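K.L.:
Mind having a look at this structure? Questions to follow.
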Amino acid sequence: MSKEIVKALIKPLGDSALIVQLGEGINPSIHKNVKELAILLDASPFNGYIESVPAYTSLTVYYNPYIVHQSIKSVLINTSFQYVSVYMEDLVLQIGKQALSDEKHVTIPVLYGGKYGPDLEYVANFHGLTTEEVIRIHSENEYLVYMIGFAPGFPFMGGMDERIATPRKESPRTAIVPGAVGIAGMQTGVYPLETPGGWQIIGQTPINLFLPDVWPPTLLQSGYKIRFKPISSGEYEYLKEMNS
């Protein structure tokens, strides 16, 4: 059985970047193609390539337009955008032709409820569940990190069970503590830094997700598979001290 051909929509983002759109919606298959495209590009970059940023359904490619323009040899290509577009179209055709490296799995310990998860009861009441049921449902699923964004190291994760999918808060908090685990619709995530935010906070992890003094500085990367593990207050304090 032949593999379905991946279709791409390429559009400019300013004069030094473009977006390669590979589909729509939160879909693991689409994101797998996005990750594979990023791997293909890093393995075989064009002259002037700077970096790429994967998202849910797209890959943003940044480049130096001056260096790229020097590589143009065809009379049919007039701009750096056209050159990079053709290059990316060729790479898209290679998706599915190579085996990807093993997936990375990470378990994140979480202390749910109380002062660590001030919105846990709201989420439970919103769905007619007990707080214990919310914790069980949230921690029994495996989540896929689709992208890192909003704040350094903030993972946007799909795979949320519809039974606990809850809208964002109508009025965002002005400050959310680092390590806060939240729900927003069909997504879950972890705040790596103190920032404003409107996600429903159901717990907190003692693990640092943003480590500016190491490389890579983010604990999680796009494509990682994540599970949450409920822990006690004693375990939380111990791990917090170990990670301080």
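K.L.:
Residue check, Thr60 against (1) surrounded by 19 or more Cβ atoms within 10 Å (Cβ to Cβ); (2) within 25 Å of the chain's Cα centre (by Cα), all met but one. Which one?
P.N.:
(1)
K.L.:
Same structure again: Can you pull out every residue in region 119-164 that is modelled with pLDDT of 95 or more, part of a loop (DSSP other than H, G, I, E, B) and crowded, with 17+ Cβ neighbours inside 10 Å?
P.N.:
Of everything in region 119-164, just one residue is modelled with pLDDT of 95 or more, part of a loop (DSSP other than H, G, I, E, B) and crowded, with 17+ Cβ neighbours inside 10 Å, namely Asp119.
K.L.:
Go through region 1-58 and give me each residue that's aromatic (Phe, Trp, Tyr) and assigned to a strand (DSSP E or B). Spell out the reasoning first.
P.N.:
Filtering region 1-58 down to residues aromatic (Phe, Trp, Tyr) leaves 46, 49, 56.
Once the filter is applied, which keeps residues that are aromatic (Phe, Trp, Tyr) and assigned to a strand (DSSP E or B), region 1-58 yields only Tyr49.
K.L.:
Another question, if that's okay. What pairs can you find where one residue is in region 140-155 and in the same structural domain as Lys32 (by TED's automatic domain parsing), the other is crowded, with 20+ Cβ neighbours inside 10 Å and of a type in the set (A, V, I, L, M, F, W, C), and their Cβ atoms are less than 6 Å apart, with a gap of 6+ or different chains?
P.N.:
Correct list of pairs: empty, since none qualify.
K.L.:
Can you pull out the residues in region 63-86 that are surrounded by fewer than 21 Cβ atoms within 10 Å (Cβ to Cβ), assigned to a helix (DSSP H, G or I) and touching a residue at least 40 places away in the same chain (Cβ under 8 Å)?
P.N.:
Selection gives Pro65, Ser85.
K.L.:
May I pose another question? Report whether or not Glu237 is more than 15 Å from Ile108 (Cα to Cα) and either in the same structural domain as Ser58 (by TED's automatic domain parsing) or over 18 Å from the mean Cα position of the chain (by Cα) (or both). Quick ask: steps written out before the conclusion?
P.N.:
Values: more than 15 Å from Ile108 (Cα to Cα): no; either in the same structural domain as Ser58 (by TED's automatic domain parsing) or over 18 Å from the mean Cα position of the chain (by Cα) (or both): yes.
Against the criterion (more than 15 Å from Ile108 (Cα to Cα) and either in the same structural domain as Ser58 (by TED's automatic domain parsing) or over 18 Å from the mean Cα position of the chain (by Cα) (or both)), Glu237 does not qualify.
K.L.:
Residues Thr166, Thr195: which one is more than 17 Å from Tyr112 (Cα to Cα) and among the hydroxyl-bearing types (Ser, Thr, Tyr)?
P.N.:
Result: Thr195 is the single residue among Thr166, Thr195 that is more than 17 Å from Tyr112 (Cα to Cα) and among the hydroxyl-bearing types (Ser, Thr, Tyr).
The values are calculated or read from the model by the stated rules, or taken from the named source; none is laboratory data. The structure displayed is predicted, hence computed values, not measured ones. Note that each Cβ is placed from the backbone with ideal geometry, even for glycine, and that neighbours are counted across all protein chains shown.
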